[in-house]
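Peer 1: Quick one: the structure is below, questions incoming.
The values are calculated or read from the model by the stated rules, or taken from the named source; none is laboratory data. Small disclaimer: the values here were computed from a predicted structure and weren't measured. Every residue, glycine as well, gets a Cβ built from its backbone with ideal geometry; the counts of neighbours run over all protein chains shown.
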Amino acid sequence: MPVTKTAKRALRSSTRKQAFNKKTLASLEVAIRRAKKSKTTENIKKAFSLADRAAKKKFIHKNKAARIKSRLSTLLPKQKSSTSKAKTKKKPKTIRSSKKKATKK
């Protein structure tokens, strides 16, 4: 138990912060579980958002947030990208002449 006045104040503060951190991490874990179970775009985006927020507030490390997002992105439905390369015919290779470059002396 804290003895001094400032230690008591610090204990109250850390208790409040601990409760908020626990609530934030619990909501992130629930969102991740929902996203994995339902695999809907809406749930996955919500989990992305919560992971980013937790990393921003430093509840979790930024690399952990990136790892969570990477694993969840594999659950997203595959979309046909409109920017895909159109199939084009390859140009025939040109035959180079056998001329040698002039060297400087």
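Peer 1: Residues to consider are 22, 85; find the one that is of a type in the set (Lys, Arg), modelled with pLDDT under 95 and more than 30 Å from residue 1 (Cα to Cα).
Peer 2: Of the residues listed, the single one that is of a type in the set (Lys, Arg), modelled with pLDDT under 95 and more than 30 Å from residue 1 (Cα to Cα) is 85.
Peer 1: Within 14 Å of the chain's Cα centre (by Cα), over 27 Å from residue 78 (Cβ atoms) and touching a residue at least 24 places away in the same chain (Cβ under 8 Å): is that true of residue 60 in this structure?
Peer 2: yes
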